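Input: a single structure, listed below in structure tokens.
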Amino acid sequence: MPKPVLFVTRRLPASVEVLAAHAFDARLSPSDVPITDLVVRAEGADAILCCPGDVLDAKAIGALPDSISVIGTFSVGFDHIDVTAATARGIKVCNTPDVLSVATAECAMLLVLAASRRAGEGERLVRSGTWAGWAPTQLLGTGVSGRRLGIFGMGRIGREIARMARGFGMEIHYRDMNRLPPDLEQGAIFHDTDASFLPICQVLSLNAPGGDGTRHWLSAERISQLPPGAVVVNAARGTLVDDAALIAALRSGQIAAAGLDVYNNEPHLNSEYLTLENVFLLPHLGSATTETRDAMGRVVLSGIGAILAGQAPSNLVA
């Protein structure tokens, strides 16, 4: 019996490509660059394995070959896929939940530490060859230990960040649609309004999913409610941030520093960020560990295979 045909849009870790080739008739990609002819190259395939930078909107999904019955995404987020359009065509969607929570939380804590302690500025100073040695007032940042951390979006990743932040003695607050049960809350303080949540956030970590419901949630109006000198980090989705509002707040000092791993329109981030010394920038590294990416591959390939076999795997989105 022939294997189902899987079209893979990007180069994947070697171990994942081996698994794909074992389970499927895999059309692997030699490149990390987003492709422009996805619809054409998917001709004759049974499933697509895409990545967050591959936009599968209603138009793209409407043009997919009739043979496509599954779209798997190499990510936990799926806002780059029009799930409603996929469902209307009878196409199932699966993702990679659970396995990247710890790695992404580590990245968020890296952003918190680097932004608060001005690590980006310090690294640039050393590399420039202009560092003149230790000085009492050089690059004074803000301590992390004992500060109030506000987490916007207390899902799996948000809860991992809270777990790690407790090791720094941080006081954990969170904003979400619903309060968590005590065993998941672990003493974190729930807020059901922005008005009670934002003023306590000495450090604000954005961890909500993307999509229309959270688009530009961090607006000028919400920024104005943060305490002066707050630190903002985002390891979730770039669409959560109104760039113009955050940049203005960084310039004025209302926001002392920011740490960003994701961006609107990435990789084409707002160029004004590049002019700001008080922003620590990473190239979407949240899940970028060997162990995590291998696990993501196993999860999404398993999900695609299960759906093609008529089953409903735990990572089925719709």
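The values are calculated or read from the model by the stated rules, or taken from the named source; none is laboratory data. If you're wondering where the values come from, they're calculated on a predicted model, not measured in any experiment. So basically every Cβ, Gly included, is an ideal-geometry build from the backbone, and we count neighbours across all protein chains shown. Just so you know, the surface numbers come from the protein's heavy atoms only, side chains and all, with ligands and any DNA or RNA stripped out. Shrake-Rupley method; radii C 1.70, N 1.55, O 1.52, S 1.80 Å.
Structure values in brief
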{"read-out": "Options Ile307, Ile255: the member that is over 19 Å from the mean Cα position of the chain (by Cα), under 30 Å from Thr193 (Cα atoms), buried (at least 19 other Cβ atoms within 10 Å of the Cβ) and of a type outside the set (Gly, Ala, Ser)", "value": "Ile255"}
{"read-out": "Residue count, region 203-258 (criterion: farther than 29 Å from Val317 by Cβ and of a type outside the set (A, V, I, L, M, F, W, C))", "value": "10"}
{"read-out": "Failed criterion for Asn264 (all others in (1) assigned to a loop (DSSP other than H, G, I, E, B); (2) touching a strand residue (DSSP E or B) at 6+ places or on another chain (Cβ under 8 Å); (3) open to solvent by 40 Å² or more (accessible area, probe 1.4 Å) hold)", "value": "(3)"}
{"read-out": "Helices (runs of 4 or more DSSP H) lying entirely in region 33-147 (those with 3 or more residues that are at pLDDT 95 or above and open to solvent by 10 Å² or more (accessible area, probe 1.4 Å))", "value": "58-63, 83-88, 101-116, 119-128"}
{"read-out": "Number of the condition not met by Pro30 [criteria: (1) at pLDDT 95 or above; (2) open to solvent by 60 Å² or more (accessible area, probe 1.4 Å); (3) not basic (Lys, Arg)]", "value": "(1)"}
{"read-out": "The listed residue being in contact with a helix residue (DSSP H, G or I) (Cβ under 8 Å, 6 or more places away or on another chain), open to solvent by less than 20 Å² (accessible area, probe 1.4 Å), outside any loop (DSSP other than H, G, I, E, B) and closer than 24 Å to Thr142 by Cβ, out of Leu246, Leu226, Leu250", "value": "Leu246"}
{"read-out": "Selection status of Pro283, open to solvent by 70 Å² or more (accessible area, probe 1.4 Å), within 30 Å of Ser15 (Cβ to Cβ), modelled with pLDDT of 95 or more and not in a helix (DSSP H, G or I)", "value": "yes"}
